[in-house]
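Here is the structure we will look at, set down as structure tokens.
Computed from the coordinates by the stated procedures, all read-outs in this text should not be read as laboratory data. For clarity, every value in this text was computed on a predicted model and none was experimentally measured. When we count neighbours, we look across all protein chains shown, and the Cβ atoms used for this are built from the backbone with ideal geometry, even at glycine.
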Ligand code: MN
């Protein structure tokens with residue numbers, strides 16, 4: 001946890017005449033700072049909580065010891081809500097982009113949205129906040145009382161308005177009805193658009209919703225591309241292969257085989273050069289490349305196996321899950337030259353080349369190209385009704 005709140009990202013008088021300089025000074029320097037001071041005081045005797053961000057504490061309030069829960073709720077909320085509020089304020093920014101489209105779709109028009117938001121703000125009794133949030137991926141206007149954060153209800157803030165009298169009393173006195181329309185002149189729609197895109201379109205905080213309850217190991221696994229270039233140890237690598245050993249297969253035939261190359265070894269280029277250019281762009285930061293092949297015939301009778309690829313897929317999934325559990329990037333690719341792979345890697349005719357996967361330590365998304373950053377997100381999945389049929393096939 002930090003001790004000092006961030007400076008405003010603009011001058012104190014930047015929002016004049018809609019929000020006055022004196023209010024901004026007191027509101028930011030005194031009120032906001034006081035919430036942080038009180039939050040830190042509450043956490044004083046709980047060193048294990050100090051490693052968490054205030055947002056994380058609010059998201060899991062039930063995990064906060066009861067003795068300080070109310071203090072964290074009020075002061076953690078006050079700290080986080082204000083920090084967020086400052087970022088969405090700026091003059092002379094008109095609404096555009098994805099948020100404009102989404103608001104018009106949800107509320108029919110911007111004017112209707114403004115009306116609904118304003119009515120909500122006027123209807124709030126006492127002190128609190130009006131918010132535009134994402135609730136289960138849908139835009140929604142809500143109020144929270146006091147310093148309660150939407151994060152505690154699993155909702156993601158997109159835009160907010162502080163309706164405590166300290167936010168407007170100096171300029172507007174008791175006239176909330178004048179303060180609310182003034183707020184619409186100082187909404188930083190560029191930032192609000194970013195909030196929307198990050199949480200709805202890219203949706204990293206709340207990435208995957210399952211239709212039924214399953215172990216989180218499955219939804220936590222995804223296929224990032226950003227890797228740091230750091231090496232992984234032989235033990236780390238071999239434990240991935242160990243996990244693959246235990247996959248089920250037809251007649252326990254275990255048709256999967258792996259050919260690997262670590263970066264900065266003489267074997268690396270042989271596998272790396274099999275990849276299409278797009279895959280070379282990001283796998284250059286991998287630690288290991290692995291070609292997956294499968295034996296097309298059973299060893300016990302030399303008869304063709306109809307399931308060699310299928311079984312090898314199960315071994316691959318074991319390995320991908322094990323890597324995910326260990327915090328490694330494990331990313332499979334079919335973008336490669338299959339004929340060249342057979343030749344270069346000396347694969348016998350009795351084996352099929354399945355794919356190549358990259359293994360590495362997690363890297364920074366910002367280091368990827370802009371195009372790749374856009375797709376650096378956990379992808380969604382089809383619905384159960386699209387993949388499961390009762391009795392006979394009745395899909396498309
Ligand atoms: Mn305030």
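Quick notes
- Taking Cα atoms only, the orientation of helix 234-245 departs from the longest principal axis of the chain by about 70 degrees.
- Which of 276, 5 has the fewest Cβ neighbours within 10 Å, and the rest in rising order: 276, 5
- Given their separation in residues at 0.36 nm each and the Cα-Cα distance between them, residue 251 and residue 125 gain 38.4 nm when the chain is fully extended.
- Exposure proxy ranking, count of Cβ atoms within 10 Å, fewest first, for 86, 268, 256: 268, 86, 256
- Approximate spin-label separation residue 104-residue 393, in nm, with each point projected 7 Å along Cα-to-Cβ: 4.2
- Part-to-part distance (alpha-carbon centres) for segment 334-396 and segment 32-92, which is given in Å: 41
- Net length gained if the chain between residue 190 and residue 339 were fully extended (0.36 nm per residue, minus Cα distance): 48.8 nm
- Among 300, 31, 82, 331, the ranking by other beta carbons within 10 Å of each residue's beta carbon, starting with the fewest, stands as 300, 31, 331, 82.
- Computed E for residue 307/residue 216 - FRET, C-beta separation, R0 41 angstrom, nearest 0.05: 0.90
- FRET efficiency, residue 96 to residue 264 (Cβ-Cβ, R0 41 Å, nearest 0.05): 0.30
- Value of D in µm² per second that Stokes-Einstein yields for segment 1-157, Kirkwood Rh from Cα pairs, at 25 °C (0.890 mPa s): 144
- Nearest 10 degrees, 0 to 90: helix 308-325 Cα axis against the chain principal axis: 40
- Over segment 216-379: Rg over Rh, Cα atoms, Kirkwood Rh: 0.97
- Full-extension gain in nm, residue 370 to residue 10, via 0.36 nm per residue minus C-alpha separation: 126.8 nm
- Between residue 277 and residue 182, the FRET efficiency from the beta-carbon distance, with R0 = 56 Å, is close to 0.55.
- The Rg/Rh ratio of segment 126-245, with both radii computed over alpha carbons and Rh defined as the Kirkwood radius, is 1.20.
- Rg over Rh for the chain works out to 1.09, both radii taken from alpha-carbon positions and Rh defined as the Kirkwood radius.
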